[in-house]
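Peer 1: Provided herewith is a single structure, encoded as structure tokens, for subsequent inquiry.
The values are calculated or read from the model by the stated rules, or taken from the named source; none is laboratory data. All figures in this text were calculated on a predicted structure; none of them were measured in a lab. Methodologically, a virtual Cβ is constructed for each residue, glycine included, from the backbone with ideal geometry; neighbour enumeration extends over all protein chains shown.
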Amino acid sequence: MKPTQEQLDRLPKWAKEHFAKLQYERDSAVEQLNSLHDEQTPTDIWVAHIEYSTGEFKERKQYIGGTRIEAECKGVHLNVNLTERGLELGWGPAGSGSPIGDMCFIPTSYQQARITNLAYDTDEFQRLSERRERIENRDND
């Protein structure tokens with residue numbers, strides 16, 4: 001919560017100067033950040049950040065040169081390649097040469113999915129196994 005002007009007026013001179021210096025440093029940092037973002041050259045690849053530096057939430061993009069993105073999370077390695085044909089996805093176990101785990105592509109909603117390494121997510125593996133068994137039993141009846 002920001003102090004009122006009346007509260008600031010009651011502070012000793014050294015505290016007022018300190019607050020003024022902090023405000024100046026903050027304003028300068030925000031100005032530099034805005035300048036860095038404004039001077040970027042847009043590319044087809046970026047990382048999106050949600051920032052809260054000016055008292056409000058703002059989405060910022062950090063542009064990256066190249067035609068390929070790689071990410072790893074919970075035992076899954078994902079590649080996104082930008083090609084003339086469009087976006088191409090590839091995935092497998094995280095870590096170089098790791099033989100652990102089957103990858104599972106799970107649709108979660110309209111045009112969204114989750115990729116899971118079943119070796120890392122045993123609960124998901126159990127749910128999928130039970131679902132497969134129910135479907136097989138239904139088909140056999």
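Peer 1: On the phi < 0 side of the Ramachandran plot, more than 18 Å from the chain's Cα centre (by Cα) and exposed (fewer than 11 other Cβ atoms within 10 Å of the Cβ): is that true of Glu17 in this structure?
Peer 2: no
Peer 1: If you don't mind, there's one more thing I want to ask. Could you figure out which of (1) surrounded by 10 or more Cβ atoms within 10 Å (Cβ to Cβ); (2) touching an Asp or Glu at 6+ places or on another chain (Cβ under 8 Å) isn't true of Tyr120?
Peer 2: (2)
Here is a yes/no grid of residues against (1) closer than 30 Å to Thr122 by Cβ; (2) part of a helix (DSSP H, G or I):
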position: Ser28; (1), (2): no, yes
position: His37; (1), (2): no, yes
position: Ile50; (1), (2): no, no
position: Gly55; (1), (2): no, no
position: Tyr63; (1), (2): no, no
position: Gly66; (1), (2): no, no
position: Ile69; (1), (2): yes, no
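Peer 1: For the subset of segment 83-100 comprising residues that are under 16 Å from Glu72 (Cβ atoms) and under 24 Å from the mean Cα position of the chain (by Cα), which member is modelled with the highest pLDDT?
Peer 2: Once the filter is applied, the top-ranked residue is Leu89.
Peer 1: So the check is Cβ under 6 Å with 6+ separation or different chains; which pairs have a first residue in segment 28-55 that's within 22 Å of Ile69 (Cα to Cα) and a second one that's hydroxyl-bearing (Ser, Thr, Tyr)?
Peer 2: Short answer, once both residue conditions are applied: Gln40/Tyr63; Pro42/Tyr63; Thr43/Tyr63; Trp46/Tyr63.
Peer 1: Mind checking which residues of segment 101-127 are assigned to a helix (DSSP H, G or I), modelled with pLDDT of 75 or more and not basic (Lys, Arg)? Don't jump to the end; show me each part of the working.
Peer 2: Going residue by residue through segment 101-127, those that are assigned to a helix (DSSP H, G or I) are 122-127.
When the remaining residues are screened for being modelled with pLDDT of 75 or more, the result is 123, 126-127.
Within segment 101-127, Asp123, Gln126 meet the criteria.
Peer 1: Follow-up question, since we're still on this one. Cβ-Cβ distance below 6 Å, separation of 6 or more or different chains: which pairs start in segment 102-125 with a residue that is within 11 Å of Lys74 (Cβ to Cβ) and end on one that is acidic (Asp, Glu) and surrounded by 15 or more Cβ atoms within 10 Å (Cβ to Cβ)?
Peer 2: Cβ pairs passing all conditions: Thr116/Glu124.
Peer 1: Here's a follow-up. Does Glu84 fit the bill of being under 30 Å from Thr41 (Cβ atoms) and among the acidic types (Asp, Glu)? Spell out the reasoning first.
Peer 2: Working: under 30 Å from Thr41 (Cβ atoms): yes; among the acidic types (Asp, Glu): yes.
When the stated conditions are applied, Glu84 passes them.
One line per residue, one yes/no per condition, for (1) among the charged types (D, E, K, R); (2) surrounded by 10 or more Cβ atoms within 10 Å (Cβ to Cβ):
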| site | (1), (2) |
| --- | --- |
| Val47 | no, yes |
| Tyr52 | no, no |
| Glu59 | yes, no |
| Ala71 | no, yes |
| Val80 | no, yes |
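Peer 1: Let me ask something else about it. Part of a loop (DSSP other than H, G, I, E, B) and farther than 30 Å from Leu128 by Cβ - does that describe any residue in segment 76-86? Talk me through it step by step, then tell me what you get.
Peer 2: First pass over segment 76-86, keeping only residues part of a loop (DSSP other than H, G, I, E, B): 84-85.
Of the ones still in play, those that are also farther than 30 Å from Leu128 by Cβ are 84-85.
Yes, some residue in segment 76-86 is part of a loop (DSSP other than H, G, I, E, B) and farther than 30 Å from Leu128 by Cβ.
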